[in-house]
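The values are calculated or read from the model by the stated rules, or taken from the named source; none is laboratory data. The structure presented is a predicted model; accordingly, all values stated were derived computationally and were not measured. Cβ atoms come from the backbone with ideal geometry, glycine included; neighbour counts cover every protein chain shown.
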Amino acid sequence: MASTRPSRNDERILDFVREHIDELAFHTSESIAQGAGVSRAAVVRFSLRLGLGGFSQLRERYREHLRSEQPDGAAPRPAADADAGMLARKIRRDVENLELLPAMLAPGLDRAARIAQRARRLWVIANRETHGLAVYFQRLVHHIRSEVRLVDPTFPDPLRDLGGDDALLACTFRPYARQTIEMVKRARDAGASVIVVTDGTGHRFLEPDDLVLAVPVQSPTMFLSFVSALSALEALAAAISRVDPDLTYQTLESTSRFLEGQELMLEPGPVTGKRRHPR
């Protein structure tokens, strides 16, 4: 007689579903698989073990459950109450993720900073969905070193110039973009140093010589949370600034003089009641 004890994959799926129960009606078998760290086939088998025809039937059952919980003519639950509960859960998980960062980043953060600062050029690339992280990191680091190249994920052509004295920092989170992974491979082939900011160290697209900064991005919502990823990138930028304090000071001074010379920044002043617009 076959065992009815849940498999390890079943337990992972169940844990993910329990934590994201409010969003189950919007998930797909693929998003459940990615969130639980299992294959899509494992999600299908999980649904079959529940006596259902597949994940779509499980999702429909939950949608029916939501509809049945709402009595006819009853006023819907106030959105503010639902939003407050969701926000509280998200904040708790974000705090938990942040608390993991010191132990997860300690082995590689300073080494990554040295690689990033001493490279001839630092290239930064991310998936289309997380391009904003790359933009923010590039804007932080350009203050403290001059050669920081931001790569548009839809036009990665500039990476043709990447060489062995360069370094590439890639941010990739599920769903992992094939193009980002291909650009990481391109950097390795060119002999460049590779720093990968991602959500784990066991991915098949990673190589032993890659410097991996793993950050937790789990969230109780249907979206990943990049609060910890943002903190990790800010910490990396700060660590880069400490590698060569004299160079950092010189670069900051040069940037400040340029901005002042171009009148690109406004100095705070007393409120006069009239708003002055830059020319």
Quiz prompt | Residue among Thr221, Thr180, Thr154, Thr201 that alone is polar (S, T, N, Q) and in contact with a helix residue (DSSP H, G or I) (Cβ under 7 Å, 6 or more places away or on another chain) | solution = Thr221
Quiz item: Given the residues Val95, Val17, which is the only one that is modelled with pLDDT of 85 or more and β-branched (Val, Ile, Thr)?
Solution: Val95
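Taking Arg12, is it within 17 Å of Arg174 (Cα to Cα) and at pLDDT 75 or above?
Working: within 17 Å of Arg174 (Cα to Cα): yes; at pLDDT 75 or above: yes.
When the stated conditions are applied, Arg12 passes them.
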Quiz item: Restricted to segment 206-235, and to residues that are closer than 20 Å to Gly85 by Cα and among the β-branched types (Val, Ile, Thr), which residue is farthest from the chain's Cα centre (by Cα)?
Solution: Thr221
Quiz item: Does Pro208 meet the test of being in a loop (DSSP other than H, G, I, E, B) and within 23 Å of Arg93 (Cα to Cα)?
Solution: no
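Test of understanding: among Arg186, Arg160, Arg174, Arg178, which residue is assigned by TED's automatic domain parsing to the domain that holds Val124, closer than 24 Å to Arg111 by Cα and among the charged types (D, E, K, R)? Give the derivation first.
Numbers: Arg160 fails: closer than 24 Å to Arg111 by Cα; Arg174 fails: closer than 24 Å to Arg111 by Cα; Arg178 fails: closer than 24 Å to Arg111 by Cα.
After ruling out the rest, the residue left standing is Arg186.
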Quiz item: Can you tell me how many residues in segment 147-163 are closer than 17 Å to Arg114 by Cβ and over 23 Å from the mean Cα position of the chain (by Cα)?
Solution: 1
Exercise. Spot the failing condition for Leu169; the list is (1) surrounded by 22 or more Cβ atoms within 10 Å (Cβ to Cβ); (2) of a type outside the set (Lys, Arg); (3) more than 16 Å from Ala232 (Cβ to Cβ), and only one is missed.
Key: (3)
